[in-house]
Amino acid sequence: MKLLLLYPEFPDTFWSFKHALKFVRKNASLPPLGLVTVAAMLPETWQQKLVDLNVRPLKPDDLAWADIVFISAMGVQQESARDLIARCGEAGITVVAGGPLFTTGYEQFPEVDHFVLNEAELTLPLFLEDLKNGCAKKLYATAEFPDITRTPSPKWELLDMQKYASMAIQFSRGCPYQCDFCNVTTLFGHKIRTKTTTQIITELERLRGMGWRDSVFFVDDNFIAHKSYLKKELLPELIAWRESNGISTKFYTECSINLADDAELMDLMARAGFNQVFIGIETPDDNALQACGKQHNRSRNMLENIRRIQNAGMEVQGGFIVGFDSDTPSIFQKQIEFIQKSGIVTAMVGVLQALPGTKLYDRMKSEGRLLHNSSGDNADSNTNIIPAMDPEMLKKGYREMMNHLYAPKHYYKRIRTLLKEYRAPVGQIRSRFRMSQFMAFARSTVVLGIIGKERFQYWKILIWTFFNRQQSLPLAVTLAIYGHHFRKVCRLHLKDARQPTE
């Protein structure tokens, strides 16, 4: 059996980092971890080829080679996924689909031959057995959640690894919280399931053995959900592994704001190599947090919490949302003030959307406020619900807010705030400068420092960093390059409003 694994293209969004990747000559931020994990679960007799459309185009020869195609996708990739399915149909190839896009909306893809949904550890063996016996069904789904201590290491050898800015591994699945707009628990449940420390070290060793020395993303939706295991097992072992091998690879992940409540955990994470965390802040408005079920963000000084995490040596990236029912036109200025004070440079602000399988989706549907399915990109000023706020006011306020936040004057001010608060932990192994970093810096001096409208702010932050936070110069350059990407996306999606060029 000749299997072609296909990963659809991401559109040009804030999360794609397409314009930033050019500075380091990479094609994609992250590899398709789900597909390369599924690849490791397949019969050894199958020949496998992977085409990630974020790295290279799908060629007619790829389709001519294949007997069967596996496609995995997230919601934001749906347009590219439809194109791939159509091309496979024209070529007469059997299509098998899985992943979040199909798990929560398979009915929208009648052209697909077979759906292997939910977590592949449970549904894939059933499909493979039926396929072998010539009686494969249309749909394979389960309400159960597998033990991921039996999940094999991803088949990274299918990747052209040098095309990616980071690699990705997974430690846990599931989230204990009940945010009504989030579909993580729909996909993975509330119970936290983890891999063993041995599994994680083995996966990292395999990446190291394949020559990988750059950053690694722990894709967990809430890395700190099982705190006791992290503090007693995984993090101490990661620290020992790094120190014994002289490893400088940096890690980053997603977690909840209550990380700030645990000084020991923050210290261990930083010493283990975590230098960046993405946190769903959502909103500084307590009423909105209460209504959407984000209880763990309520009744706390989130600005102080963010400072604690950044003081501990981890840059905080933040997710924010506007368009909650309790939001009034004043929310846009409140978000701006909070984000500027926080020093969260990478502030991913989106308009509320209702994702299939969420409590919000069900409520919007029951109230007759659901317009259409979500695009998966909540940063284009659109929404798939009828908001409580006037829709035009919401769209206008969002666009003005984004253009303000990513205008160089305000963006670079946040970089300085972050660098003042960011402290690398004592004893952490320093990253060695790589040629790619020097190339990125050299290109940024031309694109941002000479051609760019932000050149004054660019040189000002680099000079300040050189004299005040010299060890953070690589971070300052990286964030400046990110800003270039964010402004490009603003111009693409928010062109009806004043552009971020101040």
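Key figures
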| item | result |
| --- | --- |
| Long-range neighbours under 7 Å by Cβ, at least six apart or interchain, first residue more than 24 Å from Q77 (Cβ to Cβ) and of a type in the set (S, T, Y) within the range 373-397, second open to solvent by less than 20 Å² (accessible area, probe 1.4 Å) and in a strand (DSSP E or B) | none |
| Leading residue by the ranking (modelled with the lowest pLDDT) among those in the range 202-214 that are assigned to a loop (DSSP other than H, G, I, E, B) and open to solvent by 60 Å² or more (accessible area, probe 1.4 Å) | R213 |
| Of residues in the range 72-87 being free of Cβ contacts under 8 Å to residues at least 40 places away in the same chain and more than 13 Å from P11 (Cβ to Cβ), the one surrounded by the most Cβ atoms within 10 Å (Cβ to Cβ) | I85 |
| Single condition S153 does not satisfy, out of (1) under 20 Å from the mean Cα position of the chain (by Cα); (2) open to solvent by less than 70 Å² (accessible area, probe 1.4 Å); (3) more than 25 Å from T358 (Cα to Cα) | (1) |
| Positions within the range 389-423 being closer than 30 Å to R271 by Cβ, touching a Ser or Thr at 6+ places or on another chain (Cβ under 8 Å) and modelled with pLDDT under 95, in sequence order | Y422 |
| Scope the range 357-400; condition buried (at least 16 other Cβ atoms within 10 Å of the Cβ), in contact with a Lys or Arg (Cβ under 6 Å, 6 or more places away or on another chain) and on the phi < 0 side of the Ramachandran plot; matching residues | I385 |
| Filter result (open to solvent by 10 Å² or more (accessible area, probe 1.4 Å) and in contact (Cβ under 8 Å) with a residue 60 or more places away in the chain) within the range 215-243 | F217, V219, E243 |
| Elements of type helices (runs of 4 or more DSSP H) contained in the range 244-324, each with 3 or more residues being open to solvent by less than 40 Å² (accessible area, probe 1.4 Å) and within 30 Å of I386 (Cβ to Cβ) | 286-292 |
| Residue within the range 128-150 that is under 22 Å from the mean Cα position of the chain (by Cα) and open to solvent by less than 30 Å² (accessible area, probe 1.4 Å) present | yes |
| Any hit, the range 112-123, residues being open to solvent by 30 Å² or more (accessible area, probe 1.4 Å) and farther than 24 Å from Q170 by Cα | yes |
| T198 vs. criteria hydroxyl-bearing (S, T, Y), modelled with pLDDT of 95 or more, assigned to a helix (DSSP H, G or I) and open to solvent by 50 Å² or more (accessible area, probe 1.4 Å) | yes |
| Any chance E337 is out of contact with any strand residue (DSSP E or B) (no Cβ under 8 Å at 6 or more places or on another chain), of a type in the set (D, E) and over 27 Å from N222 (Cα atoms) | no |
| Cβ-Cβ under 9 Å pairs, at least 6 apart or on other chains, the range 93-107 side aromatic (F, W, Y), far side outside any helix (DSSP H, G or I) and open to solvent by 50 Å² or more (accessible area, probe 1.4 Å) | Y106/L139; Y106/A141 |
| Residue match in the range 71-78 (condition: over 24 Å from Y164 (Cβ atoms), of a type in the set (S, T, Y) and within 23 Å of the chain's Cα centre (by Cα)) | no |
| Long-range neighbours under 7 Å by Cβ, at least six apart or interchain, first residue over 27 Å from S166 (Cα atoms) and in contact (Cβ under 8 Å) with a residue 60 or more places away in the chain within the range 436-463, second surrounded by 14 or more Cβ atoms within 10 Å (Cβ to Cβ) and of a type in the set (D, E, K, R) | none |
| Close pairs from the range 343-371: first within 30 Å of A480 (Cβ to Cβ), partner among the aliphatic types (A, V, I, L, M) and in a loop (DSSP other than H, G, I, E, B), Cβ under 9 Å, at least 6 apart | M348/A379; V349/A379; G350/A379; V351/A379 |
| Qualifying residue in the range 343-355 (condition: assigned to a helix (DSSP H, G or I), surrounded by fewer than 21 Cβ atoms within 10 Å (Cβ to Cβ) and not small (G, A, S)) | no |
| Qualifying residue in the range 169-177 (condition: open to solvent by 30 Å² or more (accessible area, probe 1.4 Å) and part of a helix (DSSP H, G or I)) | no |
| Hits in the range 250-282 (condition: in contact with a strand residue (DSSP E or B) (Cβ under 6 Å, 6 or more places away or on another chain) and of a type outside the set (A, V, I, L, M)) | K250, F251, Y252, T253, E254, C255, G273, F274, Q276, F278, G280, E282 |
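The values are calculated or read from the model by the stated rules, or taken from the named source; none is laboratory data. Computed from a predicted model, the values in this text were never measured in an experiment. With ideal geometry, Cβ positions are generated from the backbone for all residues, glycine too; neighbour counts draw on all protein chains shown. Heads up: the accessible areas ignore ligands, DNA and RNA and are worked out on the full protein's heavy atoms, side chains in. Shrake-Rupley method; radii C 1.70, N 1.55, O 1.52, S 1.80 Å.
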